[in-house]
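What follows draws every value from the coordinates through simple rules; no lab data is involved. As the structure is a prediction and not an experimental result, all values here were calculated from the model. Here the Cβ positions follow ideal geometry from the backbone for every residue, glycine too, while neighbour counts run over all protein chains shown.
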Amino acid sequence: MSVDPATASGYTAHPQRMGFFTDTSVCIGCKACEVACKEWNAVPDDGMTFTGMSYDNTMSLSADTWRHVAFIEQPRPLGHQDPGVEGMDFRWLMASDVCKHCTHAACLDVCPTGSLFRTEFGTVVVQDDICNGCGYCVPACPYGVIGKRETTGVAAKCTLCYDRLGVGQEPACAKSCPTDSIQFGELDELRERAARRLEQMRAAGVDSARLYGHDPDDGVGGTGAFFLLLDEPEVYGLPPDPVVTTRDLPSMWRQAGIAAAVLLAGIAAATWGSRT
Amino acid sequence: MSEDRPADQTDVRMDDDLALRPEREATVGSAGGREPRGDGRRGDRRRGERRRGDRAMVPEADFRSYYGLPVLNEPTWHDYDIAGYLFLGGLAGASSILAAAAGVTGRPRLARAGKVGALCAIGGSFYALIHDLGKPSRFVNMLRVFKVTSPMSVGTWILSAYGPQAGLAAVTAVTGRFPRLGRAASAGAGLTGAAVATYTAVLVADTAVPLWHDGHRELPLLFAGSAMAAAGGLGLLAAPLAEAGPARGTALLGTALEAAAYLRMERRLGPVAEPLRRGKGRLVRLGEGLSAAGALLGATAGRRSRAAAVAAGAALLAGSACTRFGVFHAGIASANDPAYTVEPQRARLAARERQRNGVPE
Ligand code: SF4
Ligand code: SF4
């Protein structure tokens, strides 16, 4: 069952749902997307750190990092490829991560100010003139995407270049990607394209290829930005089976109701049960 | 076609011709034509598929992550603000209930202590909540909307209903003016106080933080118990012995409720409960110890000796604060370790897989 988030949010006439298909098999780790995103969106610097763990010194998504290129070195071959080093297998995995623009977005659900909202393109955007920096969205996101910016005190994350979409331009990261690893378009079409691409990779012998986030029946109702990965999601720092936390909210409120009743009954029992 | 490509040819090319984007179609890993060998990683041999390509040879059971970095972003909440609020909110809510009950049963000094305590605690709560905002001047933006999906929004409205009533109850109790208004406000503060003391469990549970989210069934009861212990403690501390009976009982019941909820949660959560036994998470156990000691002391020596009652009350208040700080920090620790995010999700996927294949658990 597939929900159109813009329709569900009350838009009557709206454009097609837009999204990203990030095909990590052709990512070359150049980080053009990270730079383009920072430039276009005026995202401040996220610290000059040397991690020493890999070629990745960005580490993760945050308020000041809206695209993050993961870099993984593994002692295993990629498909039929020969690394050219005698007696040694290795492959490099590179993947550009981004906000998933979830169909059921926890960040948006829990925001108490209405700062986070659903756009007509089905994406999720923070209005930074409304956010009061409560930070609730930060631990709500099952992917660790959104953060609170130190300098402004309010939440920040990828907007899927809302301003560019509005004038018919593709997002800065997709525009800058030299290998088309980041593909932008109508989500329905991207899903079909990804299914074809998966077939092609499997046929070429790369059996570790799999799609991530494409399934409208997953715990977040499918993501607006989905991926073709070459290993388990957790290897890229992605949760293997994310669930929107608000799915359990009815049960949480019920338990709180029971607890409130127990609290009232307990104190009443202690009071009326006690001799004066 | 990959077969006739030379082994050293790169798969990925730059191309300026927009009509032709061969890089997008590059079948990376197809050049070479060697017989692939796996490195034995788990998960590549799923769903009983035929083994070929770079499929693994041996499934690997160990946990994998991106260089051990957390999957989730760490909550930005400060412990003294938010854990402090969890404690103060519980203290305020339960104290209002105890005060209302004490007022009805003719224990004016216990009632007054509870009302004044509740007003101070809720004042501290408001301060902590606003202080923790990145933009405190925009606190009022909370009142733009009412969203049931946001426990923080619901909580803001609960506090807005509770705060003025708690204030009226305290002021009328201290001044002795407008007794009927005071009685109505006390009753109202007592009822809404029950919501104040328990919704905070939903506030933390409605996140992706593994310990808080997975504990969503027990946390409300644990918080209710902890709130009762705190309110009982305040009553023991402030009310004369002759009126403190309900406070002693509330402390005992609350401590028992909290301990039961904790045990149940720890058992049900399994490995995800580990952070409760490590680092600052151990504050929960300390808090339970303090609460139990305070409740027992209050129910024994605290019946006759004012000094013992004061000591018992202080232990109960400290115990409740420790419990809240412990739950808070254990949650943060569970968010910062990718194992608590990845492993339960892996287990869930495996269980679903078994179900699909009709294998019994
Ligand atoms: S990935 Fe996180 S920040 Fe992005 S829409 Fe989903 S919940 Fe919100
Ligand atoms: S920090 Fe801002 S965007 Fe995030 S939940 Fe709070 S008000 Fe909403």
*For the stretch B:78-86, 3J(HN,Hα) per residue [Karplus equation, 6.51 cos²θ - 1.76 cosθ + 1.60, θ = phi - 60°, Hz, x = Gly/Pro]*: 8, 5, 5, 7, 7, 5, x, 5, 4
*Would you pull out the residues with amide H under 5 Å of A:Thr22's amide H, same chain only if 5 or more places away, H placed 1.01 Å from N?*
A:Gln183, A:Phe226, A:Phe227, A:Leu228
*Tell me, what ³J(HN,Hα) does each residue in the stretch B:207-216 have, in order and in whole Hz, if you take phi through Karplus 6.51 cos²θ - 1.76 cosθ + 1.60 with θ = phi - 60° and put x for Gly and Pro?*
9, 8, 5, x, 5, 5, 5, 5, x, 5
*asked:* If amide hydrogens are placed 1.01 Å from N in the peptide plane, which non-local residues have theirs closer than 5 Å to the one on A:Cys102?
replied: A:Gly224
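Express the relative contact order of the stretch A:5-245 as a whole percentage, based on alpha carbon pairs under 8 Å and six or more residues apart in sequence.
Numbers: 494 pairs, mean separation 66.1, N = 241.
For the stretch A:5-245, the relative contact order is 27 percent.
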*So how far apart, in nm, are the two label points at A:Ser251 and B:Ala260 if each is 7 Å from Cα heading toward Cβ?*
2.1 nm
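Starting from the Cα-Cα distance between B:Arg348 and B:Ala314, subtract it from 0.36 nm times their residue separation and give me the gain in nm to one decimal. Let's see the in-between values first.
Numbers: separation 34, 0.36 × 34 = 12.24 nm, distance 4.36 nm.
Separation in residues times 0.36 nm, less the Cα-Cα distance, equals 7.9 nm.
If each residue's Cβ is checked for other Cβ atoms within 10 Å, how do A:Ser2, B:Ser150 rank with the fewest at the top? Walk me through the numbers on the way to the answer.
Values: A:Ser2 13, B:Ser150 28.
Ascending Cβ contact count within 10 Å gives the list A:Ser2, B:Ser150.
Can you tell me the equivalent ellipsoid semi-axes for the stretch B:167-240? Use √(5λ) from the Cα gyration tensor, largest first, whole Å.
Details: eigenvalues 205, 44, 12 Å².
Square roots of five times the eigenvalues give 32, 15, 8 Å.
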*Compute the distance in nm between two label points, each set 7 Å from the Cα along the Cα-to-Cβ direction, one at B:Thr175 and one at A:Thr7.*
5.9 nm
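Quick one, can you get me the convex hull of the C-alpha atoms of the stretch A:134-276 expressed as volume per residue in Å³? Don't skip to the end; give the middle numbers.
Numbers: hull volume 29.0 nm³, N = 143.
Dividing the Cα hull volume of the stretch A:134-276 by its residue count gives 203 Å³.
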*Quick one: Cα centre-to-centre distance for the stretch A:18-59 and the stretch B:67-81, in angstrom?*
21 Å
_On the Cα set of chain A, report Rg and Dmax in Å, please._
21.9, 88
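Please sort through the DSSP H helices of chain A and keep those with an alpha-carbon extent of at least 18 Å along the long axis and a Kyte-Doolittle average not below 1.0.
Span-like helices here: A:249-272.
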*Cα pair distances in the stretch B:204-278, grouped into 10 Å bins until the bin that holds the longest one, percent each*: 21, 39, 24, 13, 3
*What FRET efficiency, computed as 1/(1 + (r/R0)^6) with R0 = 56 Å and r the Cβ-Cβ distance, is obtained for A:Lys175 and B:Thr300, rounded to the nearest 0.05?*
0.15
*asked:* For A:Glu86, A:Glu199, B:Glu218, which order do you get if you count the other beta carbons within 10 Å of each Cβ and list the fewest first?
replied: A:Glu86, A:Glu199, B:Glu218
*For the stretch B:79-333, just list the percent of Cα-Cα distances falling in each 5 Å bin from zero outward, please.*
1, 7, 14, 18, 18, 16, 12, 8, 3, 1, 0, 0
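At R0 = 30 Å, how high is the FRET efficiency between A:Ser54 and A:Asp217 if r is their beta carbon distance? Nearest 0.05 is fine. Write out the running numbers ahead of the final one.
On the way: r = 34 Å, r/R0 = 1.12.
My answer for the efficiency is 0.35.
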*Name the long-range amide H neighbours of A:Cys158: under 5 Å, sequence gap of 5 or more, or other chain; modelled H, no Pro or chain starts.*
A:Cys99
*Shape of the stretch A:1-40, Cα gyration tensor, a/c cut at 1.5*: oblate
*Rounded to whole Hz and in sequence order, give me ³J(HN,Hα) for the stretch B:339-351 from the Karplus expression 6.51 cos²θ - 1.76 cosθ + 1.60, θ = phi - 60°, writing x for Gly and Pro.*
4, 6, 8, 6, 5, x, 5, 4, 4, 5, 4, 5, 5
*So, in nm, how far is label A:Ala42 from label A:Phe117 when the simple model puts each one 7 Å beyond its Cα toward the Cβ?*
2.0 nm
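Quickly estimate the mean residue ellipticity at 222 nm for the protein assembly as shown, helices only: each DSSP H run with n ≥ 4 gives -39500 (n - 2.57), and the total goes over all residues, rounded to 500. Write out the running numbers ahead of the final one.
Details: 19 runs with 293 residues, N = 637.
Dividing the helical sum by the residues of the protein assembly as shown leaves -15000 deg cm²/dmol.
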*Principal axis dimensions, the stretch B:286-329 - Cα atoms, whole angstrom, descending*: 38, 13, 9
*Per the Debye formula with a single identical scatterer at each Cα and no solvent contribution, what log10 I(q)/I(0) holds for the stretch A:79-199 at q = 0.12 Å⁻¹?*
-0.58
_Over the Cα atoms of the protein assembly as shown, what radius of gyration and what Dmax do you get, in Å?_
28.1, 96
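Can you run the Rg to Rh ratio on the stretch B:112-224? Use alpha carbon positions and the Kirkwood inverse-distance Rh. Spell out each step's value before the answer.
On the way: Rg = 15.5 Å, Rh = 15.2 Å.
When Rh is taken as the Kirkwood radius, the ratio is 1.02.
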*What is the order of A:Met48, B:Met152, fewest Cβ neighbours within 10 Å to most?*
A:Met48, B:Met152
